[in-house]
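Asker: One structure is given below, represented as structure tokens, and several questions about it will come after.
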Amino acid sequence: MLFPLIKEILSFPADSRSLKIRGWIRTKRDMKNLVFIEANDGSCFSSLQCTFDRAQGALNAETEAALERAGTGAAVEIEGKLVPSPASGQAVELAAESIAVIGDAPGEAKPGIAPYPLQKKRHSLEYLREIAHLRPRTNTFGAVTRVRNSLAFGIHNFFQSRGFQYLHTPIITASDAEGAGAMFQVTTQNLDELAKTGKAPDYGKDFFGKKTSLTVSGQLEAETYALALSRVYTFGPTFRAENSNTTRHLAEFWMIEPEMAFASLNDNMDLAEDFLKTIFTGALKDCAEDLAFFNTHIEKGIIETLASVCRGTFTRMTYTDAIKELEKAALNKSDVFDFKPYWGCDLQSEHEKFLTEKIAGGPVIVTDYPKEIKAFYMKQNDDEKTVRAMDVLVPRLGEIIGGSQREDNLQKLEKRITEMGMKPEDYSWYLDLRRYGSAPHSGFGLGFERLVQYVTGMANIRDVIPYPRAAGQAEF
Ligand code: 4AD
Ligand code: MG
């Protein structure tokens, strides 16, 4: 039988029933007649207070010895009765009778073992990143992990309840889904040996018989299934070898990509807005205790921010109108932006911040970007300058979702692929979708870690994934 989790125990009534709990000690206070241990098992934010009362009769020698040994971080098993707590801030506590130490966590150095690094004090997030294998035992990372779990579940629920089928797209691929080239190569060739011969690699003799990489997006494969099953979504790892050392970029991140047949850009925007609001509403309900922590200690007001996003409507504007707003702002105050906005420029994160925080006061969906700054597969507008793209921007983070209606016209798509210096023959299977049973279709990609960042208020994307991979960082 599985042992009861603290989350489950806290929902029991305090009926003096005997219980045995397992967890790790957060704090221990020995006050002569009373010893208080806060035990946490990560099942919920709260720890369970376990009170040992020597006045109620001496604790046996084994328990006294274990209490002496049990320090912060130790794994323990505690037996007692669940009773109403006289202390404020908790409804129940364990009137503890015995404790056994399952695994020590020495607070002082021992031969071959440094002191447990998570002593009872506040540690910086930078320091915790260096001990990423132990940080899940802190309040912050326990909470991030539970919220991440809950959001993942909510995302599956959202799509499943709307008729989207969960699709597994390949991780190793021979095509560049974004046509942007920032891919990690996959090879079994011995590069050291190859370097010695001075010969160029022969990809025909490589494992797959061609040059392959880790995928940057499952979109192209998702499109093939959307044009058969109508609505699909992916939720998997994606990889980008962009050397951007920012608080919003990872080299390995998880992406959610819904793709819908017979859907326009407007349908796509409606889906994205409904999606984010539903996910935020679910998080407010299911992660209340963890969000209360983020609201107090990480990002003040995050709960109200999420609630107000759910109540409101996302501002929608075209890229052209967005540039007009930005140019107006730059004209009024010359130093408002480091990078001067102009029609045709890629929106910088300062521009995205300005649009969401100063113009809209909330999320903004920017549409119809210049085709030069967007991927080859986006549907071209009749003006021949812009494409049916949409980016969902949010305050604090900027872009959280990128998507578009897809080009469903064979000739236009072929022409665009060629114009962008790519080879149509590399995409012949993708072009087949436009040859046989082509239909308007649309989809988007949400960066899962950006979503977790938004919901928790965590400033750095490296702190919302267990083991971040970024340029120069692949520890653990
Ligand atoms: O805008 P992107 O590049 O769009 C695509 O990949 C499309 N194929 C999506 C689609 O239409 N199906 O990426 C989508 C989202 C971004 O909005 C951002 O949230 C996230 O993925 N993202 C990253 N997140 C973390 N680290 C990175 N390096 C990211 N690059 C993109
Ligand atoms: Mg994008």
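Asker: Could you figure out which of (1) part of a helix (DSSP H, G or I); (2) surrounded by fewer than 23 Cβ atoms within 10 Å (Cβ to Cβ); (3) within 16 Å of ligand 2 (Cβ to nearest atom) isn't true of E414?
Answerer: (3)
Asker: Related question: Looking at the range 5-15, is at least one residue over 30 Å from H133 (Cα atoms) and open to solvent by less than 50 Å² (accessible area, probe 1.4 Å)?
Answerer: Yes: one or more hits.
Asker: Here's a follow-up. Is there a residue in the range 42-64 that is of a type outside the set (G, A, S), in contact with a helix residue (DSSP H, G or I) (Cβ under 7 Å, 6 or more places away or on another chain), not in a loop (DSSP other than H, G, I, E, B) and not assigned by TED's automatic domain parsing to the domain that holds F294?
Answerer: Yes: one or more hits.
Asker: Does E475 count as more than 25 Å from K300 (Cβ to Cβ), surrounded by 15 or more Cβ atoms within 10 Å (Cβ to Cβ) and not aliphatic (A, V, I, L, M)?
Answerer: Spelling it out, it is not the case that E475 is more than 25 Å from K300 (Cβ to Cβ), surrounded by 15 or more Cβ atoms within 10 Å (Cβ to Cβ) and not aliphatic (A, V, I, L, M).
Asker: Restricting to the range 267-284, count the residues that are buried (at least 20 other Cβ atoms within 10 Å of the Cβ) and more than 17 Å from the chain's Cα centre (by Cα). Steps first, please.
Answerer: Residues of the range 267-284 that are buried (at least 20 other Cβ atoms within 10 Å of the Cβ), as a first pass: 268-269, 271-272, 275-276, 279-280, 283.
From what is left, the residues that are more than 17 Å from the chain's Cα centre (by Cα) are 268-269, 271.
Qualifying residue count, the range 267-284: 3.
Asker: For E449, are the conditions met, namely being within 16 Å of ligand 2 (Cβ to nearest atom), farther than 22 Å from T313 by Cα and in contact with a Phe, Trp or Tyr (Cβ under 9 Å, 6 or more places away or on another chain)? Break it down stepwise before answering.
Answerer: Values: within 16 Å of ligand 2 (Cβ to nearest atom): yes; farther than 22 Å from T313 by Cα: yes; in contact with a Phe, Trp or Tyr (Cβ under 9 Å, 6 or more places away or on another chain): yes.
Answer is yes for this residue.
Asker: Can you tell me which residue within the range 224-248, out of those that are touching a strand residue (DSSP E or B) at 6+ places or on another chain (Cβ under 9 Å), not in a strand (DSSP E or B) and not hydroxyl-bearing (S, T, Y), is farthest from S438 (Cα to Cα)?
Answerer: N245
Asker: For the range 2-13, indicate whether the set of residues that are assigned to a loop (DSSP other than H, G, I, E, B), over 24 Å from A292 (Cα atoms) and aromatic (F, W, Y) is non-empty. Write out each step before concluding.
Answerer: Our first condition is that a residue be assigned to a loop (DSSP other than H, G, I, E, B); within the range 2-13, this holds for 2-5, 10-13.
Cutting the leftovers down to over 24 Å from A292 (Cα atoms) gives us 2-4.
Okay, now just the ones that are also aromatic (F, W, Y), so 3.
Looking for residues that are assigned to a loop (DSSP other than H, G, I, E, B), over 24 Å from A292 (Cα atoms) and aromatic (F, W, Y), one finds at least one in the range 2-13, hence yes.
Asker: While we're on this one: Report whether or not R396 is in the same structural domain as Y377 (by TED's automatic domain parsing), away from ligand 2 (no atom under 16 Å from the Cβ), open to solvent by 30 Å² or more (accessible area, probe 1.4 Å) and farther than 24 Å from E372 by Cα.
Answerer: On the way: in the same structural domain as Y377 (by TED's automatic domain parsing): yes; away from ligand 2 (no atom under 16 Å from the Cβ): yes; open to solvent by 30 Å² or more (accessible area, probe 1.4 Å): yes; farther than 24 Å from E372 by Cα: yes.
Yes; evaluated as a whole, the condition is true for this residue.
Asker: Shifting gears a bit: Quickly run through the range 254-266 and pick out the residues that are open to solvent by less than 50 Å² (accessible area, probe 1.4 Å) and assigned to a helix (DSSP H, G or I).
Answerer: Across the range 254-266, the qualifying residue is only L265.
Asker: Quick check: is even one residue across the range 343-357 more than 16 Å from ligand 1 (Cβ to nearest atom), open to solvent by less than 60 Å² (accessible area, probe 1.4 Å), over 30 Å from G301 (Cα atoms) and assigned by TED's automatic domain parsing to the domain that holds D274? Give the steps one after another, and end with the answer.
Answerer: First, pick out the residues of the range 343-357 that are more than 16 Å from ligand 1 (Cβ to nearest atom): 343-345, 350, 354, 357.
From what's left, open to solvent by less than 60 Å² (accessible area, probe 1.4 Å): 344-345, 350, 354.
Restricting the remaining residues to those that are over 30 Å from G301 (Cα atoms) gives 344-345.
Filter again for assigned by TED's automatic domain parsing to the domain that holds D274, leaving 344-345.
Yes: one or more hits.
Asker: Same structure, new question: Would you check if there is a residue in the range 218-228 being away from ligand 1 (no atom under 16 Å from the Cβ) and not assigned by TED's automatic domain parsing to the domain that holds E257? Before you say what the answer is, go through the steps one by one.
Answerer: Here is the first cut: in the range 218-228, the ones away from ligand 1 (no atom under 16 Å from the Cβ) are 228.
Cutting the leftovers down to not assigned by TED's automatic domain parsing to the domain that holds E257 gives us none.
Scanning the range 218-228 turns up no residue that is away from ligand 1 (no atom under 16 Å from the Cβ) and not assigned by TED's automatic domain parsing to the domain that holds E257.
Asker: Residue check: is V76 surrounded by fewer than 20 Cβ atoms within 10 Å (Cβ to Cβ) and of a type in the set (V, I, T)? Quick ask: steps written out before the conclusion?
Answerer: Numbers: surrounded by fewer than 20 Cβ atoms within 10 Å (Cβ to Cβ): no; of a type in the set (V, I, T): yes.
It is false that V76 is surrounded by fewer than 20 Cβ atoms within 10 Å (Cβ to Cβ) and of a type in the set (V, I, T).
Asker: Among the residues of the range 372-410, count how many are away from ligand 1 (no atom under 11 Å from the Cβ) and farther than 18 Å from H441 by Cα.
Answerer: Matching residues across the range 372-410 total 7.
The rows are residues; the columns are (1) hydroxyl-bearing (S, T, Y); (2) closer than 19 Å to D176 by Cα; (3) touching a residue at least 24 places away in the same chain (Cβ under 8 Å).
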| residue | (1), (2), (3) |
| --- | --- |
| V336 | no, no, no |
| W343 | no, no, yes |
| K379 | no, yes, yes |
| I400 | no, no, yes |
| I417 | no, yes, yes |
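The values are calculated or read from the model by the stated rules, or taken from the named source; none is laboratory data. In this text the structure is predicted, and so the values were computed from the model without any measurement. Heads up, the Cβs are rebuilt from the backbone with ideal geometry, glycines too, and the neighbour counts pull from every protein chain shown. Areas reflect the complete protein model, heavy atoms only, side chains present, ligands, DNA and RNA absent. Shrake-Rupley method; radii C 1.70, N 1.55, O 1.52, S 1.80 Å.
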